[in-house]
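Here's the structure, in structure tokens; my notes come after.
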Amino acid sequence: MPLAFLRAPALLLAGLLLVAPALARSGPESFAPMVKRILPAVVNIAVTESVAGNDPLATLPPELQRQFRDRLRNNRKQEMQGAGSGFVIDASGIIVTNNHVVGNADKIVVSFANGAQYPARVIGTDELTDVAVIKVNASSPLPFVVWGDSRVMEVGDWIVAAGNPFGLGGSVTAGIVSARGRDIGAGPFDDFIQLDAPINPGNSGGPVFDTDGNVIGINTAIVSPTGGSVGIGFAVPSELAAPIVQELRDRGRVDRGWLGVTIQENSEDTPRPRGGVTIAAVDRTGPAARAGVRPGDQIVQVNGRGVDSSRAVIKTVALIPPGNAVHLALRRGGRDMELSVTVGRRPGGPG
């Protein structure tokens, strides 16, 4: 099924999704008291992106191009508009949203439930987790919400999603956690919470709340054959998003550890009595090559912890600050060995 990110380009109609109560825990009689408290901190985000237009004179002979150049300007720019969502996490105007909402924006305008509007600037973005932080300057402290702990959320727990579906304005939907730890192929750090609360284009960057009104996720993507909600949505969990947001606030970017290797899963024929993954290629100028790692080596442990997937290795190394050492337990030609690698700064590719 196709995946769709949730920034809304146009107004469409969406159907309703009825959700049966979770058996393990009864839902509240109404979400209204919580919604009244949290919705003022949920914002609508309008973005404008400039895209280069075609030169209307490009097909003319050079002499005619020169003749009409003064009448028609070359490299015209067209404006593309989109909408998304976000939420305030600090009264000073710090707002969390998705990278795919604001990452290429030339102009950002944030609208609040009370009708107030403010221009915003980007503090930092992280493409690999699709998290972004922007800031508005308001004359008075803004309402805000706080992070919850996504690690305690269980399949079947009630949640409330909020945002700006199809550009309609502040909206909320309710549902349950459908699954945890989803890998949807969006990137090497996929660890999504799956939701059945209806979310649609325009909900991108909006918060997912637990029943206490704490943010346990950021709406990011849906599975949909039509572009609208079919009851399968995905949110970046707060356990991943919160530290990324803090690093973006502090430094404006996220620095991740990098080995400089391409890793593949072990095949059925690969001897692996203790698990592990195989190094398919080594960047000749990367940290692993300088430490003596070779193609064909099997990584069995990273810092003393066993690994059984390339994703686990990438995520573990990515959390190590560049310049620090990582200790690899390897198997090479049937012989066990250990190497210490000084981690480099991840340039964007896998490994």
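The values are calculated or read from the model by the stated rules, or taken from the named source; none is laboratory data. Note that the structure is predicted; figures quoted are calculated from it, not measured. So basically every Cβ, Gly included, is an ideal-geometry build from the backbone, and we count neighbours across all protein chains shown.
Things to note:
- Residue within the range 291-314 that is more than 24 Å from Asp190 (Cα to Cα), outside the structural domain of Leu128 (by TED's automatic domain parsing), assigned to a helix (DSSP H, G or I) and touching a strand residue (DSSP E or B) at 6+ places or on another chain (Cβ under 9 Å) present: yes
- Qualifying positions in the range 112-128 - assigned to a loop (DSSP other than H, G, I, E, B) and either under 17 Å from Phe87 (Cβ atoms) or small (Gly, Ala, Ser) (or both): Phe112, Ala113, Asn114, Gly115, Ala116
- Residue match in the range 175-198 (condition: small (Gly, Ala, Ser) and under 14 Å from Phe87 (Cβ atoms)): no
- When Val307, Val302 are screened for being at pLDDT 90 or above, among the aliphatic types (A, V, I, L, M) and surrounded by 13 or more Cβ atoms within 10 Å (Cβ to Cβ), only Val302 passes.
- When residues of the range 234-260 are limited to those that are in contact with a helix residue (DSSP H, G or I) (Cβ under 6 Å, 6 or more places away or on another chain) and part of a strand (DSSP E or B), the one farthest from Val215 (Cα to Cα): Gly257
Rundown of residues vs (1) more than 14 Å from Phe87 (Cβ to Cβ); (2) in contact with a helix residue (DSSP H, G or I) (Cβ under 7 Å, 6 or more places away or on another chain); (3) in the same structural domain as Ala91 (by TED's automatic domain parsing), yes/no style:
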residue: Asp130; (1), (2), (3): yes, yes, yes
residue: Val133; (1), (2), (3): no, yes, yes
residue: Leu142; (1), (2), (3): no, no, yes
residue: Met153; (1), (2), (3): yes, no, yes
residue: Phe166; (1), (2), (3): yes, no, yes
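- Any hit, the range 88-109, residues being on the phi > 0 side of the Ramachandran plot and at pLDDT 95 or above: yes
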